[in-house]
Protein chains: 2
Amino acid sequence: VLPTGEVVSTGGRFLKDVAGYNLTQLLVGSEGTLAIVTRAICKLIPRPRFQKSLLVPFGSLEDAARAVGEILRSGVLPQAVEFMERNALLTAVEHLGRSVPHQEAEAQLLIALDGNSEDLLDAEIETIGEAVMACGAVEVLLADDPRRQEELWSARNVIGEAVKKISAYKEEDTVVPRSRLPELIRGVRAIAEKYAVRAVCYGHAGDGNIHVNVIKTSITEERWREIIGPLTHEIFGLTVGLGGTITGEHGVGLSQKDSLGLVLSRPLIEIHHGIKRLFDPNLILNPGKIFDL
Amino acid sequence: VLPTGEVVSTGGRFLKDVAGYNLTQLLVGSEGTLAIVTRAICKLIPRPRFQKSLLVPFGSLEDAARAVGEILRSGVLPQAVEFMERNALLTAVEHLGRSVPHQEAEAQLLIALDGNSEDLLDAEIETIGEAVMACGAVEVLLADDPRRQEELWSARNVIGEAVKKISAYKEEDTVVPRSRLPELIRGVRAIAEKYAVRAVCYGHAGDGNIHVNVIKTSITEERWREIIGPLTHEIFGLTVGLGGTITGEHGVGLSQKDSLGLVLSRPLIEIHHGIKRLFDPNLILNPGKIFDL
């Protein structure tokens, strides 16, 4: 529904469409600033019959990052390649109140694989196992039933919750080319050290999309409020400098809009403003989000 | 390069990006009306080590269309699922000057599969073979070396050329939900019969994207010029009525712009005009394409 009250429909129950501009993708991710979506057609895939997971610890960030690349070059397409660095692991362990395998590892990858043939799945696991061992993996732990998979994923599954419980925090949704992951993590660590806060990095390594959580811990409230702006801006400067962007999933909203200029040049910002005015001449939809007008 | 001379960059060497509106996809497929693309970053996948093809003839369009759905529900993701109806086969055979297997079939599917493990590939072929036989396939012909694959694909590979050589023709790039393919083909046949021209349908069944070629054959030039507009409009009315669209790959350009109103309502057309004016206030880029301003 356009803010002028008109009801329009873009896309459809088909896979290809090049009739005019891609308004569907213009609306997707527009954070409620252009129209209100009241109906969406989604492409579904059948639920795969089998799923298995691998937990792979590494002695260095570089090895883990290299392994992500090799996994995706192997011809196998995993359902997920998730990453946790040491700080994230230890934060999760603290929260769980019990140890997890290889919790002292510099980095861990969690790889989920699925498919309809168990034989094919096992062959893929073999391929991935070889790829990660060739990148210096310490070990490959396999979980092939739901209970054991739950166990392997336990640290990853609680990390978001664990971060929130420590103290005030801010989560950034950084994206870099996958090969730049070690530089991102090291850069974030240096920034955190400079401001005397804790940084915890984890997320979707297969997409180069890492959630960087900056945790207040022991500094004063006043100091936290003072530093959080410049600190965030430094992290975004780092991701953009590595050829990345400032948000992969979460969007811009209110909290990232001051950094939008890092990724969009002036003419592109003006095009954003023009598109907003075109769809919403009275500026009534979700005002103040993404950018000010 | 924007028509105002400014050089901008959208997207990057990363997989996720939700920082602002999706201008990359707005520019892709804009047919040179919004900007000139001077550099593109493409996502590549490694070339699979093995490729095999299946030729599957069917006694009815419905069986072939049902098989397309079953193939894609089987959990196997083919590289291609191509379709040729009888008229297309016979046109190709005429052009080749020799017979091809099952050339009298009501419809043929050509399925290409690839992967890095020959064992996995053979298991996938087994799965697909079972799926198509359960849908009433007459036979499954397998080609596992390049020379035999070339042979299986020979009719499909010459059909475009074959159509062009007969007489004047017009190619439409129709898209429908895959399940509606039989209705599309039958509808096109009825329209062709009404105007006494030949229709040849083939294309990317896996995408629901069928190239409908209307061939002048023996009617006069004058009559051809008279009917081609209304005939095209009827075919597009049919595809849109089946929940599809008027172009899947080829774009709108000059020849489809009169039919754009079939898929875009007035407010959406106005948004197109506004986007064009926003990017190109002097209307200097590819004027007259997609729509008139």
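Listed residues A:232, A:174; which is under 13 Å from the mean Cα position of the chain (by Cα) and among the polar types (S, T, N, Q)? Explain how you work it out, then say what you get.
On the way: A:232 fails: under 13 Å from the mean Cα position of the chain (by Cα).
Matching residue, one of A:232, A:174: A:174.
As an exercise: evaluate residue A:255 against (1) within 23 Å of residue A:183 (Cβ to Cβ); (2) at pLDDT below 95 and give the number of the one condition it does not meet.
In the conditions (1) within 23 Å of residue A:183 (Cβ to Cβ); (2) at pLDDT below 95, residue A:255 misses (1) alone.
Quick check: anything in region B:35-44 over 28 Å from residue B:290 (Cα atoms) and without any contact (Cβ under 8 Å) to a residue 40 or more places away in the chain? Steps first, please.
We begin by selecting, within region B:35-44, every residue over 28 Å from residue B:290 (Cα atoms); these are B:44.
Next, from what is left, pick out any that are without any contact (Cβ under 8 Å) to a residue 40 or more places away in the chain: B:44.
Yes; the residues of region B:35-44 include at least one that is over 28 Å from residue B:290 (Cα atoms) and without any contact (Cβ under 8 Å) to a residue 40 or more places away in the chain.
Specify the residue that is nearest to the other protein chains (Cβ to nearest Cβ); the eligible residues are those in region B:107-117 that are closer than 23 Å to residue B:157 by Cα and modelled with pLDDT under 95. So that I can check it myself, show each step before the final result.
At the first step, the residues of region B:107-117 found to be closer than 23 Å to residue B:157 by Cα are B:107-115.
Next cut, modelled with pLDDT under 95 only: B:114-115.
On the way: B:114: 10, B:115: 7 Å.
Result: B:115.
Test residue A:60 against the criterion of being at the interface with chain B (Cβ under 9 Å from one of its Cβ atoms) and under 23 Å from the mean Cα position of the chain (by Cα), and give yes or no.
On the way: at the interface with chain B (Cβ under 9 Å from one of its Cβ atoms): no; under 23 Å from the mean Cα position of the chain (by Cα): yes.
Criteria not met by residue A:60.
Of everything in region A:42-70 that's acidic (Asp, Glu) and more than 21 Å from residue A:120 (Cβ to Cβ), which residue is most open to solvent (accessible area, probe 1.4 Å)?
Applying the first criterion (acidic (Asp, Glu)) to region A:42-70 yields A:62-63, A:70.
This time we only want the ones that are more than 21 Å from residue A:120 (Cβ to Cβ), so: A:62-63.
Numbers: A:62: 80, A:63: 38 Å².
Ranking the candidates gives A:62 first.
Checking the structure you have, find out if any residue of region B:16-24 is in contact (Cβ under 8 Å) with a residue 60 or more places away in the chain, out of contact with any helix residue (DSSP H, G or I) (no Cβ under 7 Å at 6 or more places or on another chain) and acidic (Asp, Glu).
As a first pass, look at region B:16-24 and keep what is in contact (Cβ under 8 Å) with a residue 60 or more places away in the chain: none.
Checked against the condition, which is being in contact (Cβ under 8 Å) with a residue 60 or more places away in the chain, out of contact with any helix residue (DSSP H, G or I) (no Cβ under 7 Å at 6 or more places or on another chain) and acidic (Asp, Glu), region B:16-24 yields no hits at all.
Checking the condition out of contact with any strand residue (DSSP E or B) (no Cβ under 7 Å at 6 or more places or on another chain) and within 21 Å of residue A:25 (Cα to Cα), which residue from B:237, B:208, B:253, B:229 passes?
Being out of contact with any strand residue (DSSP E or B) (no Cβ under 7 Å at 6 or more places or on another chain) and within 21 Å of residue A:25 (Cα to Cα) holds for just one of B:237, B:208, B:253, B:229, which is B:253.
Hey, among the residues in region B:11-27 that are more than 7 Å from chain A (Cβ to nearest Cβ) and surrounded by 16 or more Cβ atoms within 10 Å (Cβ to Cβ), which one's farthest from the chain's Cα centre (by Cα)? Spell out the reasoning first.
Taking region B:11-27 and keeping what is more than 7 Å from chain A (Cβ to nearest Cβ), we get B:11, B:24, B:27.
Adding the requirement that they be surrounded by 16 or more Cβ atoms within 10 Å (Cβ to Cβ) leaves B:24, B:27.
Working: B:24: 23, B:27: 21 Å.
Filtering region B:11-27 for residues that are more than 7 Å from chain A (Cβ to nearest Cβ) and surrounded by 16 or more Cβ atoms within 10 Å (Cβ to Cβ), the one farthest from the chain's Cα centre (by Cα) comes out as B:24.
Quick one: count up the residues across region B:28-40 that are open to solvent by 50 Å² or more (accessible area, probe 1.4 Å) and more than 10 Å from chain A (Cβ to nearest Cβ).
Matching residues across region B:28-40 total 5.
Please count how many residues of region B:240-276 are in contact with a Lys or Arg (Cβ under 9 Å, 6 or more places away or on another chain) and more than 9 Å from chain A (Cβ to nearest Cβ).
5
Filter region B:129-140 down to the residues that are open to solvent by 40 Å² or more (accessible area, probe 1.4 Å) and not in a helix (DSSP H, G or I) and list them by number. Walk me through it before giving the result.
Kept after step one, since they are open to solvent by 40 Å² or more (accessible area, probe 1.4 Å), are these residues of region B:129-140: B:130, B:133-134, B:138-140.
Result: B:138, B:139, B:140.
So residue A:174 ticks every box in (1) modelled with pLDDT of 95 or more; (2) more than 14 Å from chain B (Cβ to nearest Cβ); (3) touching a helix residue (DSSP H, G or I) at 6+ places or on another chain (Cβ under 7 Å) but one. Which box is left unticked?
(2)
What number of residues in region B:142-167 are under 17 Å from residue B:203 (Cβ atoms) and open to solvent by 60 Å² or more (accessible area, probe 1.4 Å)?
Number of matching residues: 3.
Considering A:101, A:57, which residue is over 30 Å from residue B:260 (Cα atoms) and modelled with pLDDT under 95? I'd like the intermediate steps shown before the answer.
Details: A:57 fails: modelled with pLDDT under 95.
So the residue among A:101, A:57 that is over 30 Å from residue B:260 (Cα atoms) and modelled with pLDDT under 95 is A:101.
Show me the helices (runs of 4 or more DSSP H) found entirely inside region B:181-285 where at least 3 residues are within 27 Å of residue B:63 (Cβ to Cβ) and open to solvent by 60 Å² or more (accessible area, probe 1.4 Å).
Working: elements: B:181-195, B:221-241, B:266-279.
Where helices (runs of 4 or more DSSP H) fall fully within region B:181-285 and carry at least 3 residues being within 27 Å of residue B:63 (Cβ to Cβ) and open to solvent by 60 Å² or more (accessible area, probe 1.4 Å), they are B:181-195.
For region B:118-143: of the residues being at pLDDT below 95 and either away from chain A (no Cβ under 14 Å) or touching a strand residue (DSSP E or B) at 6+ places or on another chain (Cβ under 7 Å) (or both), which is nearest to residue B:72 (Cα to Cα)?
Ranking the candidates gives B:124 first.
Could you identify the single residue in A:102, A:95 that is open to solvent by 50 Å² or more (accessible area, probe 1.4 Å), more than 14 Å from every other protein chain (Cβ to nearest Cβ), closer than 27 Å to residue A:216 by Cα and touching a residue at least 60 places away in the same chain (Cβ under 8 Å)? If you could, list the steps in order and put the result at the bottom.
On the way: A:102 fails: touching a residue at least 60 places away in the same chain (Cβ under 8 Å).
Testing whether each residue is open to solvent by 50 Å² or more (accessible area, probe 1.4 Å), more than 14 Å from every other protein chain (Cβ to nearest Cβ), closer than 27 Å to residue A:216 by Cα and touching a residue at least 60 places away in the same chain (Cβ under 8 Å) leaves just A:95.
The values are calculated or read from the model by the stated rules, or taken from the named source; none is laboratory data. Small disclaimer: the values here were computed from a predicted structure and weren't measured. Counting neighbours? That spans all protein chains shown, and the Cβs are built from the backbone with ideal geometry, glycine included. All accessible areas refer to the heavy atoms of the entire protein, side chains included, with ligands and DNA or RNA removed. Shrake-Rupley method; radii C 1.70, N 1.55, O 1.52, S 1.80 Å.
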